[in-house]
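Note sheet for the following structure.
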Amino acid sequence: MLTILDKYILKRYLATFATMLLMFIPIGIIIDVSEKINFMIENKVPFLAIVIYYYHFTIYFANALFPIFLFLSIIWFTSKLANNTEIIAILGSGISFTRFLRPYFIGATIISIFVLLMGFYVVPVSSEGFNNFRYTYLRRDGKERMRGDNADVYRQLNDKEFLYVSNFNPASKMAFNFALEKFEKEKMVSKITASRIRYNEKDSTYTLFDYTKRTVGKQGDKLEALPEKNVKFKFELEDLTPVIYIAETLRLDKLIDFIDKEKKRGSSNINVYLVVLYKKFSVPVSAFILTIIAVAVSSMKRRGGMGMNLSIGIAVAFGFVFFDKIFGVLAEKSTFSPFVAVWFSNFVFGILAIYLLRNAKR
């Protein structure tokens with residue numbers, strides 16, 4: 001059962017964190033509006049689209065800067081407790097420092113579960129709305145750039161089929177220099193080529209221009225050539241080059257299925273998708289690590305007062321975010337392990353948390 005002390009600290013924990021969000025999110029919106037207002041006016045963005053965008057922006061922004069908000073809120077109210085000598089009184093009454101941390105861990109658990117569920121179901125929806133708006137209205141050639149490089153696209157559709165197009169236009173749903181090869185036991189059994197391929201939405205078929213199909217046989221190859229032919233395939237042209245932020249927009253179950261499918265296809269962006277997946281689980285864990293560090297740093301009454309604690313807290317918080325971003329980009333752009341990259345910050349700052357906690361107990 002929670003004691004009066006537990007309820008008092010837990011209430012301050014959650015209330016200060018909520019206040020920090022309410023303080024900084026409007027500031028973030030104002031800064032974003034000042035930066036993008038000219039683009040919105042030039043592109044004549046509908047007012048409703050702007051309102052919806054800033055709804056998604058609020059969730060996206062809060063999720064991205066969650067570690068900083070949490071850390072600073074704990075530093076703030078714990079420093080006030082220390083400056084008012086409340087912590088000295090609590091520990092002087094015979095309560096151990098470990099017992100003092102109990103309501104903090106309860107608060108971290110509540111926030112971790114909330115962030116975890118948000119990351120699974122709510123943040124992906126807002127991430128899609130946030131990024132779609134940016135690429136549609138705020139970037140030149142955004143609709144083309146949102147799919148990355150559409151030239152020389154190679155895809156492994158399954159264990160037997162490999163696809164290639166020299167160029168893909170998502171707007172017209174047309175690809176050029178199409179080739180589809182099928183293998184059995186590492187031997188080619190058929191190859192379909194076409195100068196152009198167009199997707200037909202009405203019947204979900206593909207029109208192949210300058211169609212040629214070569215079927216490899218034991219007695220000789222069979223060749224079929226037509227100026228134009230409608231064919232039904234199991235893939236969609238848009239799957240050739242998914243939007244560059246596709247992983248951020250998928251719920252957990254769909255993201256896992258998507259990653260499995262991309263692994264079978266030999267996708268070159270697999271590390272990007274794995275970073276998104278691992279971060280869904282690493283960010284909630286960081287709530288516990290940052291809570292311990294924040295309490296250990298701010299529980300002592302310092303000569304510089306709350307300002308000194310906040311300075312230390314800001315330095316540690318931005319250091320955490322810096323390592324998280326650097327190693328995340330490193331994993332996305334190289335062969336560096338995505339798992340190590342995502343969990344590196346938690347590992348390093350977890351060691352720091354244990355060290356600071358031991359000193360704080362003394």
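Keeping all protein chains in place and using 1.4 angstrom, which order do 248, 186 fall into by accessible surface area, from largest down?
So, going from the largest accessible area down, we get 186, 248.
Keeping to pairs on different chains or 8 or more places apart, tell me how many lysine pairs in segment 1-157 have Cα atoms under 29 Å apart. Walk me through the numbers on the way to the answer.
Numbers: 7/80; 11/80; 36/44; 36/143; 44/143.
Taking segment 1-157 as the scope, the lysine pair count is 5.
Which order do 51, 272 take when ranked by solvent-accessible area (1.4 Å probe, heavy atoms of all protein chains), largest first?
Sorted descending by solvent-accessible area, the residues read 51, 272.
Which ³J(HN,Hα) values, rounded to whole Hz and listed in residue order, are derived for segment 53-68 from phi using the Karplus coefficients 6.51, -1.76 and 1.60 in 6.51 cos²θ - 1.76 cosθ + 1.60 with θ = phi - 60°, glycine and proline given as x?
For segment 53-68, the Karplus curve yields 4, 6, 5, 5, 4, 4, 5, 5, 5, 5, 5, 5, 9, 3, x, 5 Hz.
Which length gain, in nm to one decimal place, applies between residue 88 and residue 269 when the Cα-Cα distance is subtracted from 0.36 nm times their residue separation?
Fully extending the segment from residue 88 to residue 269 adds 59.9 nm.
Per the 1.4 Å probe, what fraction of the accessible area of the chain, in percent, lies on carbon and sulfur atoms?
Numbers: 12280 of 19970 Å².
Roughly 61 percent, rounded to a whole number.
Around residue 211, which amide H atoms from residues at least 5 apart in sequence, or from another chain, sit under 5 Å from its own amide H, with H modelled in the peptide plane?
226, 228, 229
Give me the extension gain from residue 114 to residue 166: residue separation times 0.36 nm, minus the current Cα-Cα distance, reported in nm with one decimal.
Full extension from residue 114 to residue 166 adds 14.2 nm.
Which trypsin sites (Lys or Arg not before Pro) in segment 1-87 sit in a loop by DSSP (not H, G, I, E or B) and have at most 15 other Cβ atoms within 10 Å of their own Cβ?
Details: sites: 7, 11, 12, 36, 44, 80; in loops: 44.
Within segment 1-87, the qualifying trypsin sites (Lys or Arg not before Pro) (loop, at most 15 other Cβ atoms within 10 Å) are 44.
Can you work out the FRET efficiency for the pair residue 228 and residue 156, with r the C-beta to C-beta distance and R0 = 25 Å, to the nearest 0.05?
Details: r = 27 Å, r/R0 = 1.09.
In this case the efficiency is close to 0.35.
Quick one: which of 23-33, 256-266, 172-182 comes out on top by average Cβ neighbours within 10 Å, and what's the full order, highest first?
In decreasing order of mean packing, 23-33, 256-266, 172-182 become 172-182, 256-266, 23-33.
Cα-Cα over 29 Å: which of 213/254; 160/254; 234/325; 173/264; 160/229; 185/280?
In this structure, 213/254; 234/325; 185/280 exceed 29 Å between Cα atoms.
Could you pull out every residue, at least 5 positions away or on a different chain, whose amide H is within less than 5 Å of the one on residue 65? Hs are placed 1.01 Å off N in the peptide plane, and Pro or chain starts have none.
none
Which of the peptides 277-286, 351-360 is most tightly packed, and how do the rest follow, judged by the mean count of other Cβ atoms within 10 Å per residue?
Most protected by this proxy first, the peptides run 277-286, 351-360.
Any idea of the accessible area per residue across segment 62-127, 1.4 Å probe, to the nearest Å²? Provide the component values of the computation, followed by the final result.
On the way: 2570 Å² over 66 residues.
Each residue of segment 62-127 exposes 39 Å² on average to a 1.4 Å probe.
Determine ³J(HN,Hα), in whole Hz, for all residues of segment 123-138 in sequence, where each value follows from phi through the Karplus function 6.51 cos²θ - 1.76 cosθ + 1.60 and θ = phi - 60°; x replaces Gly and Pro.
Each residue of segment 123-138 in turn: 4, x, 5, 5, 5, 5, x, 4, 6, 4, 5, 4, 6, 7, 10, 10 Hz.
The values are calculated or read from the model by the stated rules, or taken from the named source; none is laboratory data. Keep in mind the model is a prediction, meaning the values are calculated, not measured. Ideal geometry is used to build each Cβ from the backbone, glycine not excepted, and the neighbour counts take in all protein chains shown. The protein model used for the area step is the full one, side chains on, heavy atoms only, and it has no ligands, DNA or RNA in it. Shrake-Rupley method; radii C 1.70, N 1.55, O 1.52, S 1.80 Å.
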